[in-house]
Structure formats: C-alpha cells, structure tokens
Amino acid sequence: MAFTASKMLALGTVAPDFDLPNLNSATPSDKTICFSDIAGAQGTLVMFLCNHCPYVIHVNAAIVQLAKDYLGRGIGFVGISSNDAVKYPQDAPDKMTLHAQEVGYPFPYLYDENQQVALDYDAACTPDFYLFDAKRRLAYRGRLDASRPNSGLPVTGADLRKAIDQILLGETPPERQYPSGGCNIKWKI
C-alpha cells in the first residue's frame, strides 16, 4: 500500500473528453459514455477509482453519500478505473460491475482500458478527484478530506464538499488545495 500523491492538474484546464463503457448496472447504458453525458448543469466531478485500493475502500461510503447529496443539485458524477486489469484482475471490468453494485455507486463507473483518459487527466492515484465548473474548467483537484486508512481521522469529505458548495454558489474554490493520495494507477507500461 505505497502512497502516491495526485499531480494537481492546472486549475482552469478544460475537462478532457472521453468515450468509455459504463460497467455500473445501477446506471445502465447500452452505449459508451462521454463527458457531456454525465456533465452536470452546475459542475462535474470526475473520480479515478478502483476496486481494490485500500484508500478508495476507506472513502467509498463517503463518495456514495457525496453523490447522493449533490446529484440532484446539478453536479454530475463519474467514476473511472484505469488500472491494468491483466496484472490486477480484481480491477477487471466484470469485477467493476459487481463492485459498483456492492458499494452502491449512484453514478456511472467507466473502464479506461487503454489508460488514455488517465493520461489526459494526468491522474496518478486512486482516489483522484477533479471538479469542473459549469464551463468545464477545472476548479478543484485534490483530496476528499484529510482522512487516510489508519489515520484515526473521520472521513467527512470536507475539502471536496466545500469546493462543490462554492461552485454551486458561483464562487471559486481557493487556489490552495491539497493533493489527493492513495495507490498509484497500475500502468501497463
């Protein structure tokens, strides 16, 4: 469980598009999903997740609650797994479907098989969070909150919730943002 910090993509970056298969049967789709399919009227949260990472497992319940709290308020949500499923079969697409059901993700959970989306977002770890405003400009990237496995700190989602609330109020989240961190993305190369 080596800790890897997010790279902190430049604020203001326009959200890279994607076109990926949805593996969450709770949010069924007979086609692939692109950014505009999940974009919220007020903003969009793109999350790089995976099934087995203890850092993601630690925050899964908070991610589900966050989505439930904000999906109806104009914030779109999507989870993306970019891990190499050959070397890490627990992150394979069939396991993603089961995981999304078990955890209760109320958002699409997409598979980035060729890892291009992770490269486009400069994602480094799971979880990695990217909050875009209504104009698809990056307003926040960083941690959910200060909690980590075995830290003794409760998982509150405070940092990300504050950024979403600021977006909803038409305000700009502060420029000082703390990186997310977790397991490194399992690259094929």
(Q) I'd like to verify a number: residues in the range 128-141 that are in a loop (DSSP other than H, G, I, E, B), surrounded by 14 or more Cβ atoms within 10 Å (Cβ to Cβ) and either without any contact (Cβ under 8 Å) to a residue 24 or more places away in the chain or acidic (D, E) (or both), how many? (A) 0
Q. Quick one: how many residues across the range 77-112 are outside any helix (DSSP H, G or I), free of Cβ contacts under 8 Å to residues at least 40 places away in the same chain and more than 24 Å from M8 (Cβ to Cβ)?
A. 2
Q) Among the residues of the range 142-165, is there at least one that is in contact with a strand residue (DSSP E or B) (Cβ under 7 Å, 6 or more places away or on another chain), more than 22 Å from K188 (Cβ to Cβ) and part of a strand (DSSP E or B)? A) yes
Q) Quick one: what pairs do we get from the range 19-37, first residue of a type in the set (D, E, K, R), second part of a strand (DSSP E or B) and surrounded by fewer than 16 Cβ atoms within 10 Å (Cβ to Cβ), C-beta under 8 Å, 6+ apart or different chains? A) D19/T32; D19/C34
Q: Inspect the range 149-166 for any residue being more than 14 Å from the chain's Cα centre (by Cα) and closer than 17 Å to G12 by Cα and give the result as yes or no.
A: yes
Q | Residues (modelled with pLDDT under 95 and either outside any strand (DSSP E or B) or of a type in the set (F, W, Y) (or both)) located in the range 10-24 | A | L23, N24
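The values are calculated or read from the model by the stated rules, or taken from the named source; none is laboratory data. Please read these numbers as outputs of a predicted model, since none were measured by experiment. Please note: Cβ atoms are built from the backbone with ideal geometry, for glycine as well, and neighbour counts cover all protein chains shown.
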